[in-house]
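The values are calculated or read from the model by the stated rules, or taken from the named source; none is laboratory data. Only a predicted model underlies this, so the values are computations on that prediction, with no experimental measurement involved. Here Cβ is always computed from backbone atoms with ideal geometry, including for glycine, and neighbour counts include all displayed protein chains. These accessible areas exclude ligands, DNA and RNA; they are computed on the full protein's heavy atoms, side chains included. Shrake-Rupley method; radii C 1.70, N 1.55, O 1.52, S 1.80 Å.
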Protein chains: 2
Amino acid sequence: MDAKVIHRLEEIVGRKDVLTSIENRIAYSYDATPTFSSLPDAVVIPSNVEQVSEILKLANEEGFAVIPRGSGTGLSGGVVPVPNSIVLLMNRWRKIIEIDTENLTALVEPGVITAQLHQEVEKLGLFYPPDPGSMTISTIGGNVAENAGGLRGLKYGVTKNYVLGIEAVLPTGEIINVGGKNVKDVAGYNLKDVLIGSEGTLAIFTKILLKLIPKPQASKTMLAFFNSIKDAGKAVSSIIANHITPATLEFLDNTTIKCVEDYAHLGLPTEAGALLLIEVDGHPAQVQEEAEKIEKICKVNRSTDFKVAMTEGEALKLKTARRSAFAALARIKPTTILEDATVPRSCVPEMVEKIQEIAKKYGIIIGNFGHAGDGNLHPTALTDERDKDEMKRVEMAFDEIFDFAIKLGGTITGEHGIGLAKKKFLPKQFNSATIDFMRKIKEVLDPKGVLNPGKIFDFKPRCEGRLPNSREEIEKFGGLWI
Amino acid sequence: MDAKVIHRLEEIVGRKDVLTSIENRIAYSYDATPTFSSLPDAVVIPSNVEQVSEILKLANEEGFAVIPRGSGTGLSGGVVPVPNSIVLLMNRWRKIIEIDTENLTALVEPGVITAQLHQEVEKLGLFYPPDPGSMTISTIGGNVAENAGGLRGLKYGVTKNYVLGIEAVLPTGEIINVGGKNVKDVAGYNLKDVLIGSEGTLAIFTKILLKLIPKPQASKTMLAFFNSIKDAGKAVSSIIANHITPATLEFLDNTTIKCVEDYAHLGLPTEAGALLLIEVDGHPAQVQEEAEKIEKICKVNRSTDFKVAMTEGEALKLKTARRSAFAALARIKPTTILEDATVPRSCVPEMVEKIQEIAKKYGIIIGNFGHAGDGNLHPTALTDERDKDEMKRVEMAFDEIFDFAIKLGGTITGEHGIGLAKKKFLPKQFNSATIDFMRKIKEVLDPKGVLNPGKIFDFKPRCEGRLPNSREEIEKFGGLWI
């Protein structure tokens with residue numbers, strides 16, 4: 001990157017907020033996704049929306065790429081830089097601007113940590129349900145960019161269900177405001193929901209208005225153990241068929257149970273084929289009734305043990321079994337590839353069985369856990385990226401896993417996004433007209449491809465109504481070849 | 001329209017499904033919005049998705065407009081034809097294809113009547129919450145195109161919260177499939193939510209996958225009367241502040257109460273300043289507790305009378321007071337203009353007061369009722385479109401009402417859409433960058449402007465990177481001047 005461009009960036013945000021040392025560039029060259037990394041030319045820390053706008057205008061003038069970044073906990077390579085790029089670091093924007101107890105909304109800056117927001121609103125008897133696995137580190141801005149899910153998705157939905165409004169800067173530098181405190185609003189196209197989950201490719205969020213709900217009065221946490229995944233799967237189906245919607249309905253397979261026990265020493269039976277973590281919440285009478293029904297359902301489906309937390313402390317301990325699954329699995333081998341193949345909930349048992357079969361076929365270790373209630377599984381390959389042969393087999397295994405998920409009417413990503421990691425799978429899920437629709441939105445909003453280019457799909461500017469065919473053509477029309 | 005084009009349409013759908021008589025053309029020249037009408041050249045009734053695709057391809061070749069239509073109950077002129085257009089009638093597509101009791105979804109054709117879907121799913125103990133005022137006539141396709149709301153919006157959200165997937169035909173004839181039965185899905189841009197509420201300008205829906213929830217076990221319906229709107233408003237705020245989320249929380253002002261009593265003879269006190277219809281649902285214990293709390297809150301806020309329905313029949317009778325508001329008001333004068341200015345719920349009392357003040361200022365009758373719980377008001381002007389002077393005053397009054405709603409952080413339309421009726425207000429709510437974002441989506445998907453052109457904003461194709469300035473330019477670049 002030209003020294004002149006660095007100088008102009010320093011003029012916009014101030015000299016101390018443009019980091020160009022190799023240490024800083026390396027620190028921001030990767031996120032939580034294994035195998036992807038690329039050095040940015042600088043890390044730039046803006047302080048206000050006008051600076052963000054100016055930086056994007058400069059990027060369009062000078063032809064460099066801007067990679068917006070929160071805490072970098074993403075699992076699809078969504079904030080990995082590209083050549084000739086800057087990382088735009090938003091995690092200093094940590095202000096909760098307003099909690100409106102009359103309209104039940106919170107206006108926050110994008111760098112607010114998700115778990116911190118939970119704490120603040122719960123002090124007021126309110127509740128912000130989305131709880132992605134990374135919530136103690138991840139930012140609301142990142143959650144919105146990825147439409148993050150979490151354990152409470154089954155009953156409460158995901159991040160997009162709680163975003164009421166967004167102030168954002170478009171790729172060409174314009175500032176827009178969409179949505180607001182209105183429960184109902186149908187004025188014009190729903191731009192808000194196209195920005196949510198756009199993985200930093202369509203806009204940089206500068207303010208986010210969130211919906212809150214009253215905190216459930218009571219909750220009960222339970223842990224059920226089964227000899228087989230099949231029995232656990234039947235229990236899940238039966239809970240839903242009985243019209244109970246637990247806040248949380250999670251499972252761990254035997255591989256994951258063993259790793260968790262080894263890591264956290266919770267006293268889990270390491271011979272169990274599967275574990276279900278179940279939490280119900282709401283009115284105390286309803287919670288009591290549902291918990292009793294769930295215990296019966298688990299017993300009918302041959303649970304080998306069933307624990308109910310009697311105190312908040314015990315509930316936390318039970319939840320630790322699930323919350324530590326990723327960390328526990330990650331200790332076994334140097335490289336942990338956590339995926340999020342998702343299927344309609346009725347297909348969970350079939351999908352879980354297929355994953356076991358595929359792991360066996362390719363001779364690799366795949367721990368499996370996830371959100372049984374909403375069909376969102378986390379098959380996790382434990383491998384070593386230096387072992388090229390095994391990595392090849394891991395890749396082939398996931399190809400088969402995603403193919404099977406799509407065959408069941410599932411999706412290649414329930415929570416993590418496409419980013420760089422899943423670009424090649426996108427055409428498996430959508431026909432070309434659908435992908436072309438997505439590309440058109442990107443190209444018309446970001447004609448020079450400056451904002452997080454190459455994520456979701458390769459950025460190729462449209463020239464004379466068609467897509468360019470070669471690197472030369474792409475560069476001629478202002479695109480970026482990645 | 002050229003006879004040759006009519007002939008080609010007949011080849012696609014069959015001769016009997018192309019209606020060209022003047023009676024048919026008149027019947028489809030308007031919807032439920034006063035003052036807007038325009039004759040289509042033909043009414044075409046397709047039978048399958050391939051025919052819809054062929055018709056749109058023909059429209060692009062021959063340069064005519066296609067106006068998709070369900071039951072025509074819209075209140076913003078969204079299905080009013082334009083010159084050189086056909087109405088594409090979708091209300092014969094009435095099949096409920098599947099109700100999946102494991103995944104809690106319903107796959108329907110777009111012409112299914114909303115209330116009919118309610119009945120079918122409730123037979124299975126399931127629940128489809130969106131209940132727009134027009135639900136006994138309106139279609140699911142129309143509901144999705146307008147993102148229809150309803151009385152249960154406060155607790156359960158609106159149509160978009162229940163649409164999981166869509167099969168649709170794009171303006172250029174391609175068939176796409178977005179969404180599915182997965183509770184979590186973040187693959188690519190969220191195209192589904194851009195199509196929802198796009199008012200028939202971006203796609204024609206041919207299949208819709210809806211989310212269902214378990215039917216609430218119990219419910220209780222209450223009616224509270226107050227001397228003033230102010231007292232009723234305070235009661236509403238207090239209910240929400242006590243963390244109660246009623247399924248329904250509706251109000252009627254004195255003008256509306258009088259009209260309803262005159263129409264339906266329910267024994268309402270015609271001197272009451274305001275009425276609240278409140279319904280709570282959920283677990284029986286919670287319902288009981290919340291109903292008791294609500295009665296106390298109403299009494300503290302000086303309710304003059306409070307009725308609780310003891311039977312389903314009584315509940316229906318209480319609900320009739322609210323459900324018949326529009327019909328009752330419509331009897332008073334020949335022209336009824338029902339609007340949907342919406343504000344954050346905390347601003348409802350201020351907004352209601354302002355509407356009364358504006359009605360007085362312009363010497364017109366405005367009955368007011370609506371969804372107090374979610375801020376979605378229905379100020380309804382009773383007038384006569386032949387009285388040009390009064391119509392002018394009605395227009396000025398609504399200009400002021402919308403200005404004030406926006407000033408309070410509200411929206412010009414909570415439920416009805418922009419269509420033709422509210423185009424001029426759109427720039428009041430959004431800056432030009434935001435409207436340009438919307439226009440770009442339309443223009444890139446529908447370069448010739450064949451699909452419901454002129455709704456939401458005038459369709460002007462972009463030529464050489466800018467908007468055309470004159471009718472001549474617009475027509476030169478394939479646009480339509482309306």
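To keep it simple, each residue is scored yes or no on (1) at pLDDT 95 or above; (2) out of contact with any Ser or Thr (no Cβ under 6 Å at 6 or more places or on another chain); (3) under 13 Å from residue A:372 (Cβ atoms); (4) hydrophobic (A, V, I, L, M, F, W, C).
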site	(1), (2), (3), (4)
A:226	yes, no, yes, yes
A:243	no, yes, no, no
A:255	no, yes, no, no
A:285	yes, yes, no, yes
A:289	yes, yes, no, no
A:312	no, yes, no, no
Among what's in the stretch B:318-332 and is surrounded by fewer than 17 Cβ atoms within 10 Å (Cβ to Cβ) and of a type outside the set (Ser, Thr, Tyr), pick the residue that is farthest from the chain's Cα centre (by Cα). B:331
Subset tally (residues that are modelled with pLDDT under 95 and among the small types (Gly, Ala, Ser)) for the stretch B:415-432: 2
Going residue by residue through the stretch A:375-382, is there one that turns out to be within 14 Å of another protein chain (Cβ to nearest Cβ), over 19 Å from residue A:258 (Cβ atoms) and not polar (S, T, N, Q)? yes
When you go through (1) open to solvent by less than 20 Å² (accessible area, probe 1.4 Å); (2) over 17 Å from residue B:27 (Cβ atoms); (3) out of contact with any strand residue (DSSP E or B) (no Cβ under 6 Å at 6 or more places or on another chain) one by one for residue B:80, which number turns out not to apply? (2)
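Would you pick out the residues in the stretch A:237-253 that are touching a residue at least 24 places away in the same chain (Cβ under 8 Å) and out of contact with any strand residue (DSSP E or B) (no Cβ under 6 Å at 6 or more places or on another chain)?
The first filter runs over the stretch A:237-253 and keeps only residues touching a residue at least 24 places away in the same chain (Cβ under 8 Å), leaving A:237-240, A:242, A:244-253.
Listed by number, the residues that qualify are A:237, A:238, A:239, A:240, A:242, A:244, A:245.
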For the stretch A:196-247, how many residues meet the condition of being facing another protein chain (nearest Cβ under 10 Å), over 30 Å from residue A:446 (Cα atoms), polar (S, T, N, Q) and buried (at least 20 other Cβ atoms within 10 Å of the Cβ)? 0
Hits in the stretch B:99-112 - residues which are touching a residue at least 24 places away in the same chain (Cβ under 8 Å) and within 14 Å of chain A (Cβ to nearest Cβ): B:99, B:100, B:101, B:103, B:104, B:105, B:106, B:107
In the stretch B:403-439, what count of residues is obtained for those that are free of Cβ contacts under 8 Å to residues at least 12 places away in the same chain and either under 23 Å from residue A:437 (Cα atoms) or not in a loop (DSSP other than H, G, I, E, B) (or both)? 8
Restricting attention to the stretch A:277-297, which residues are open to solvent by less than 40 Å² (accessible area, probe 1.4 Å), out of contact with any strand residue (DSSP E or B) (no Cβ under 6 Å at 6 or more places or on another chain) and under 22 Å from residue A:125 (Cβ atoms)? A:282, A:283, A:285, A:286
Which of the helices (runs of 4 or more DSSP H) found entirely inside the stretch B:3-67 contain at least 2 residues meeting this: open to solvent by less than 20 Å² (accessible area, probe 1.4 Å)? B:3-13, B:49-62
Of the residues B:177, B:254, which is open to solvent by 10 Å² or more (accessible area, probe 1.4 Å), facing chain A (nearest Cβ under 8 Å) and among the polar types (S, T, N, Q)? B:177
Only one of A:256, A:201 is out of contact with any Phe, Trp or Tyr (no Cβ under 6 Å at 6 or more places or on another chain) and among the hydroxyl-bearing types (Ser, Thr, Tyr); which? A:201
Picked from the stretch A:413-434 (must be open to solvent by 30 Å² or more (accessible area, probe 1.4 Å) and polar (S, T, N, Q)), the residue farthest from the other protein chains (Cβ to nearest Cβ) is A:432
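From the list A:3, A:27, A:42, which one is hydrophobic (A, V, I, L, M, F, W, C) and within 24 Å of the chain's Cα centre (by Cα)?
Sole residue among the options that is hydrophobic (A, V, I, L, M, F, W, C) and within 24 Å of the chain's Cα centre (by Cα): A:27.
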Selection within the stretch A:133-158 - more than 9 Å from chain B (Cβ to nearest Cβ), at pLDDT 95 or above and open to solvent by less than 20 Å² (accessible area, probe 1.4 Å): A:138, A:139, A:140, A:141, A:143, A:144, A:145
Complete set of residues in the stretch A:83-108 that are open to solvent by 10 Å² or more (accessible area, probe 1.4 Å) and polar (S, T, N, Q): A:84, A:91, A:101, A:103
Consider only pairs whose beta carbons are under 9 Å apart and that are at least six residues apart or on different chains; among these, list those whose first residue lies in the stretch A:159-181 and is free of Cβ contacts under 8 Å to residues at least 12 places away in the same chain and whose second residue is of a type outside the set (S, T, N, Q). none
Return the total of residues in the stretch B:440-452 being buried (at least 18 other Cβ atoms within 10 Å of the Cβ) and touching a residue at least 24 places away in the same chain (Cβ under 8 Å). 9
Mind telling me which of the residues B:395, B:339, B:357, B:400 ends up being open to solvent by less than 40 Å² (accessible area, probe 1.4 Å) and either in the same structural domain as residue B:159 (by the TED database) or charged (D, E, K, R) (or both)? B:339
Under the condition of being in contact with a Ser or Thr (Cβ under 6 Å, 6 or more places away or on another chain) and of a type in the set (A, V, I, L, M, F, W, C), which residue from the stretch A:258-276 is surrounded by the most Cβ atoms within 10 Å (Cβ to Cβ)? A:260
Please give the helices (runs of 4 or more DSSP H) falling wholly within the stretch A:262-347 in which 3 or more residues are within 14 Å of chain B (Cβ to nearest Cβ). A:284-300
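Give A:34, A:132 a once-over and let me know the one that is in contact (Cβ under 8 Å) with a residue 24 or more places away in the chain and assigned by the TED database to the domain that holds residue A:13.
After ruling out the rest, the residue left standing is A:34.
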Can we say residue A:115 is out of contact with any Lys or Arg (no Cβ under 7 Å at 6 or more places or on another chain) and either within 11 Å of another protein chain (Cβ to nearest Cβ) or buried (at least 20 other Cβ atoms within 10 Å of the Cβ) (or both)? no
Taking the stretch A:159-174 and the residues there that are facing chain B (nearest Cβ under 9 Å) and open to solvent by 10 Å² or more (accessible area, probe 1.4 Å), the one that is nearest to the chain's Cα centre (by Cα) would be A:160
It is to be established whether one or more residues within the stretch A:365-374 are within 21 Å of residue A:335 (Cα to Cα) and within 17 Å of the chain's Cα centre (by Cα). yes
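It is to be established whether one or more residues within the stretch B:79-93 are hydroxyl-bearing (Ser, Thr, Tyr) and closer than 28 Å to residue B:212 by Cβ.
No: the stretch B:79-93 contains no residue that is hydroxyl-bearing (Ser, Thr, Tyr) and closer than 28 Å to residue B:212 by Cβ.
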